[in-house]
1. Can you tell me the mean projection area, over all orientations, of the convex hull of region 100-268's alpha carbons? Units nm², please.
2. May I ask you to compute the full-extension gain from GLN9 to ARG240, defined as 0.36 nm times their residue separation minus their alpha-carbon distance, rounded to one decimal in nm?
3. List the GluC sites (Glu not before Pro) within region 110-185 that DSSP assigns to loop and that have no more than 10 neighbouring Cβ atoms inside 10 Å.
4. P(r) for region 99-183: what percent of alpha-carbon pairs falls in each 5 Å bin, starting at zero?
5. Could you work out the longest stretch of the chain that avoids the trypsin sites (Lys or Arg not before Pro) located in DSSP loops with at most 14 other Cβ atoms within 10 Å?
6. In the Gaussian network model of the chain, springs joining C-alpha atoms below 10 Å, which of TRP27, TRP130, TRP108 carries the largest mean-square fluctuation?
7. Distance between Cα centroids, region 137-157 to region 43-78: provide it in whole Å.
8. Please provide three numbers in whole Å: the alpha-carbon extents of the chain along the principal axes, with the largest listed first.
Amino acid sequence: MARVFVTRQLPGTALERLAAEHEVEVWPGDMPPPPQELRARVAGADGLLSLLTDHIDAELLAAAPKLRAIANYAIGFDNVDVEAVRARGIPVGVTPDVLTDATADLAWALLLAAARRLVEARQDVLDGKWRTWEPQGWLGADVHGATLAVIGAGRIGRAVAQRATGFEMEVVMVDLGDDLHAALRRPDFVSLHAPLTPETRHLIDAAALAVMKPTAILVNTARGPIVDQVALAAALREGRLAAAALDVTDPEPLPPDDPLLEAPNLIVVPHIASATRTARAAMADRAVDNLRAALAGEPMPYPAPLA
Ligand code: DGY
């Protein structure tokens, strides 16, 4: 029986499966364990089930001499210091596939909401500004038949592209390494689906925003730091970009007084792309499958591509 620390209560029944085999401690709080608390809890642990809000770095690993398996409850693992875990030879697991559709759906929800100004229109109804049917009121952008650039042609990017066929859109798949600026010139919508790495940090910077059409709409359900938010706010303020819809920001949570939130034509939601009941329970199953395998000395079924 191994000792496992789980940094938050998870939906579904996966943790019961884990507890049937191992001694499991679940952090009781709604907020992530503070770093010193996390270090204390992993001190005697063989396994760790972490969230994207937990920073797994060399300092944490040094405090966890017995740790031999980390299951991250996410498809992304930019909260994990890859060099540090590799140096210790600790396998890291992720939760692929089960959140692909939920994330692609949310990217589309954001795209449609931004194109058709749903948030603003709803707010106007609440504020009593719906006076009559207005021929020129709340005009938005056509989605049907428009051009969509999908940046990052992995599972989620492909699922977003697949949904675009229903809207008879022209889809441009952009792989990292392709000529990004050339790909950004024409699309009406740009949706980001790349992992956060040193190469993708601020991939969408002032120069990238400058080549996009002023009528274009940017959607980000990947990771906040992929977009330079100062440049994004300026582009929105100056009308060089029509709108942006973000599920992810830098930092998270975005403080209510962050200057980005003063930019016009901006939708921000709190990192909810995988937040369906089914996806979040299935993510817990994947994370537990990863831990059980590694603690039994077997390869994780869903390893993070650490190389
Ligand atoms: C992930 O899995 O990386 C998402 O950002 C949260 O589900």
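1. Averaging across all directions leaves 10.0 nm² for the Cα convex hull.
2. Result for the pair: 78.9 nm of gain on full extension.
3. Counting only loop positions with at most 10 other Cβ atoms within 10 Å, the GluC sites (Glu not before Pro) in region 110-185 are GLU168.
4. Result, from short to long distances: 3, 13, 19, 19, 15, 12, 9, 6, 3, 1, 0 percent.
5. The segment 186-307 is the longest one with no such site.
6. Per the Cα network of the chain with a 10 Å cutoff, TRP130 tops the list.
7. Each part's Cα centre sits 36 Å from the other's.
8. 68, 45, 35
Every read-out reported here was derived from the displayed coordinates using simple, explicitly stated rules and does not represent laboratory data. Only a predicted model underlies this, so the values are computations on that prediction, with no experimental measurement involved. Quick reminder, even Gly has a Cβ in these numbers, built from the backbone with ideal geometry, and neighbours come from all protein chains shown.
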